[in-house]
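Just so it is clear, none of the values below were taken in a lab; they were calculated from the coordinates. Remember, predicted model here, so these are calculated numbers, not experimental data.
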Amino acid sequence: MAAVRAYIGLGANLGDARATLDAACEALAGLPLTTFAARSPLYRSAPVDATGPDYLNAVVALDTGLTPGALLNELQRIENEHGRERPHHNAPRTLDLDLLLHGSACIDEPSLVVPHPRLHERAFVLRPLLDLDADIVLPRHGAASACLAGVAGQRIERIVS
């Protein structure tokens, strides 16, 4: 498979979230058939449809030859290595890695939906994604920048190192 640009959403709100996100980026950079292309700045955001501490979030761009399914398996492996548990929907997490986009693929399977089904509804995804590509177009949703108005009420702040 030829390399495609994939975008991965990263989030954590348990433990040392910053260190976990840094370690996750190192793990992503080491994936087979994959080149780590870019990382957005970090953002702090309030949980959406959940309780718990604020999240740290970022988005990374990968150029990968992995299929969407193979990439998802790698993301879940990395989550598990960082103690990810799934006690209930939207539970606080040590690490959350979401496959947001895989080239222009549109996939709707029980175990994988691409683009991510709530990508266009989450400020903590849209803002860092737009930091990486201000002109990105979301399959099924159009320009990502046009989706920002719909998430204007979600609390998010860019973290200045």
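Some observations on this one:
- Largest mean-square fluctuation among A61, A149, A23, in a Gaussian network model of the chain whose springs join Cα atoms under 10 Å apart, belongs to A149.
- All distinct Cα pairs of the stretch 96-138 go into the 1/r average, and the inverse of that average, the Kirkwood radius, is 11.0 Å.
- Here the Karplus curve 6.51 cos²θ - 1.76 cosθ + 1.60, taken at θ = phi - 60°, turns the phi angles of the stretch 57-73 into couplings of 9, 7, 10, 10, 10, 10, 9, 9, x, 6, 5, x, x, 5, 5, 4, 4 Hz, with x standing for Gly and Pro.
- Per-selection metrics, the stretch 21-66 (Cα): Rg and Dmax in Å: 13.1, 37
- Pairwise Cα inverse-distance average, inverted: Kirkwood Rh of the stretch 8-92 (Å): 13.6
- At 1.306 mPa s and 10 °C, Stokes diffusion of the chain via Kirkwood alpha-carbon radius, µm² per second: 101
- The length gained by stretching the chain between D135 and A29 to full extension, at 0.36 nm per residue less their Cα-Cα distance, is 35.7 nm.
- Spread of Cα-to-Cα distances over 5 Å intervals beginning at zero, given as percent, for the stretch 88-161: 3, 14, 23, 25, 19, 13, 3, 1
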